[in-house]
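J.: Here you go, one structure.
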Amino acid sequence: MKVARIRDSKVKETYSIISDDGKSIVTRSEIQQQTGIPVPLNIKDFVFRGWLDEVKHHKAKLKFNQKVSDVELLVPIPNPPKIVCLAFNYYDHARDAGLTPSDEPVIFMKPRTALNEPFKDIICPSFVTRLDYEAELAVILGKETKKVPEDKALDSVFGYMILHDVSARDIQFKDKQFTRGKGIDTFAPCGPWITTKDEISDPQNLHITTKVNGETRQNSSSSNMVIPVRRIISTLSMTMTLEPGDIISTGTPAGVAMSMKEPKYLKDGDVVEITIERLGTIRNRIVYH
């Protein structure tokens, strides 16, 4: 199933289930009315405490009466405990950067304040001179996980979504680490919703594309990851406790601006559209401020 946080004209904020074709929704209150299940107000309780599993048994009763286009899609998971991101986790991206990829996750953290809605503007400070895009498959953890073996690691996954790891390369190169240049407010648009893991039979076989003003810049697949999702989760869990709602962003494939012979960094007014197979599309305009 697909689960989203939304805002519409009638309700300040709620959550919904998205239809299989991604065009229609059924809201929390409608789920309760149509199934008789007293679903909680909070999306985290709904997805991590078993309520969604109960609703799945009544999916045939759900009537998707509203259009997705009539509501505002929000960040799917508010205030995640952690946002863990991987660097150079695609063979083609590492090759373009002239690096040999590590056989263990090279990670950095994004602050929660970087999270941004799937169709909202990315606000870039005026002092940034080299703004770059990175399309990434993000994993949402569904339960507390510690020291999990690789063959059991995917059991900890709740679902998947798109995350755009926006990067101020000039700051990144100056600092020689990633946090400040990638942690600016609005620099992590994500969504458009969470697709539960039962809909994704193999997270290592998803087509990934990025377009800037309609021009294809990234065109790859999660099959090109150096470290697959199951090993990422297992390795991270050996050193840190992973919690329900944690976001793990798994790295970006080739095609980013910094790797071009003549880099095409993002400019004011550019529109970045990222699509991952079976997960949907997010689209954000760059606004320098």
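The values are calculated or read from the model by the stated rules, or taken from the named source; none is laboratory data. Quick caveat: nothing in here was measured; it's all calculated off a predicted structure. When we count neighbours, we look across all protein chains shown, and the Cβ atoms used for this are built from the backbone with ideal geometry, even at glycine.
J.: Quick check on my filter: what residues within region 174-192 are in contact (Cβ under 8 Å) with a residue 24 or more places away in the chain and of a type outside the set (A, V, I, L, M)?
T.: Listed by number, the residues that qualify are GLN177, PHE178, THR179, LYS182, GLY183, ASP185, THR186, PHE187, PRO189, CYS190, GLY191, PRO192.
J.: Do you know which residues across region 115-131 are aliphatic (A, V, I, L, M), under 23 Å from the mean Cα position of the chain (by Cα) and in a loop (DSSP other than H, G, I, E, B)?
T.: Once the filter is applied, which keeps residues that are aliphatic (A, V, I, L, M), under 23 Å from the mean Cα position of the chain (by Cα) and in a loop (DSSP other than H, G, I, E, B), region 115-131 yields nothing.
J.: Say whether the condition of being of a type in the set (Gly, Ala, Ser) and under 9 Å from the mean Cα position of the chain (by Cα) is met by at least one residue in region 161-168.
T.: Within region 161-168 (the criterion being of a type in the set (Gly, Ala, Ser) and under 9 Å from the mean Cα position of the chain (by Cα)), the answer is no, since none of the residues qualifies.
J.: Counting only residues that are among the β-branched types (Val, Ile, Thr), touching a strand residue (DSSP E or B) at 6+ places or on another chain (Cβ under 8 Å) and in contact (Cβ under 8 Å) with a residue 24 or more places away in the chain, how many does region 81-118 have?
T.: Summing the residues that are among the β-branched types (Val, Ile, Thr), touching a strand residue (DSSP E or B) at 6+ places or on another chain (Cβ under 8 Å) and in contact (Cβ under 8 Å) with a residue 24 or more places away in the chain in region 81-118 gives 3.
J.: Right, next: Looking only at residues in region 9-48 that are charged (D, E, K, R) and touching a strand residue (DSSP E or B) at 6+ places or on another chain (Cβ under 6 Å), which one is surrounded by the fewest Cβ atoms within 10 Å (Cβ to Cβ)?
T.: This residue is GLU13.
J.: Can you name the condition, by its number, that VAL11 falls short on among (1) hydrophobic (A, V, I, L, M, F, W, C); (2) out of contact with any Gly (no Cβ under 8 Å at 6 or more places or on another chain); (3) at pLDDT 95 or above?
T.: It is condition (3) that VAL11 fails.
J.: Conditions first: (1) under 17 Å from the mean Cα position of the chain (by Cα); (2) over 27 Å from VAL47 (Cβ atoms); (3) buried (at least 21 other Cβ atoms within 10 Å of the Cβ). LYS211 passes all but one, so which condition is the exception?
T.: (3)
J.: Hey, another quick one. Taking the condition of being of a type in the set (Asp, Glu), in contact with a Lys or Arg (Cβ under 7 Å, 6 or more places away or on another chain) and farther than 24 Å from ILE274 by Cα, how many residues in region 140-196 meet it?
T.: Of the residues in region 140-196, 1 are of a type in the set (Asp, Glu), in contact with a Lys or Arg (Cβ under 7 Å, 6 or more places away or on another chain) and farther than 24 Å from ILE274 by Cα.
J.: Can you tell me which of (1) over 27 Å from ASN284 (Cα atoms); (2) among the charged types (D, E, K, R); (3) surrounded by fewer than 20 Cβ atoms within 10 Å (Cβ to Cβ); (4) touching a residue at least 12 places away in the same chain (Cβ under 8 Å) is the one ASP202 doesn't meet?
T.: So ASP202 meets the others, but not (4).
J.: Among the residues of region 250-272, are any crowded, with 22+ Cβ neighbours inside 10 Å, at negative phi, touching an Asp or Glu at 6+ places or on another chain (Cβ under 7 Å) and among the hydroxyl-bearing types (Ser, Thr, Tyr)?
T.: yes
J.: Scan the helices (runs of 4 or more DSSP H) fully inside region 154-266 and keep the ones with 1 or more residues being farther than 22 Å from HIS93 by Cα.
T.: By residue number, 229-237.
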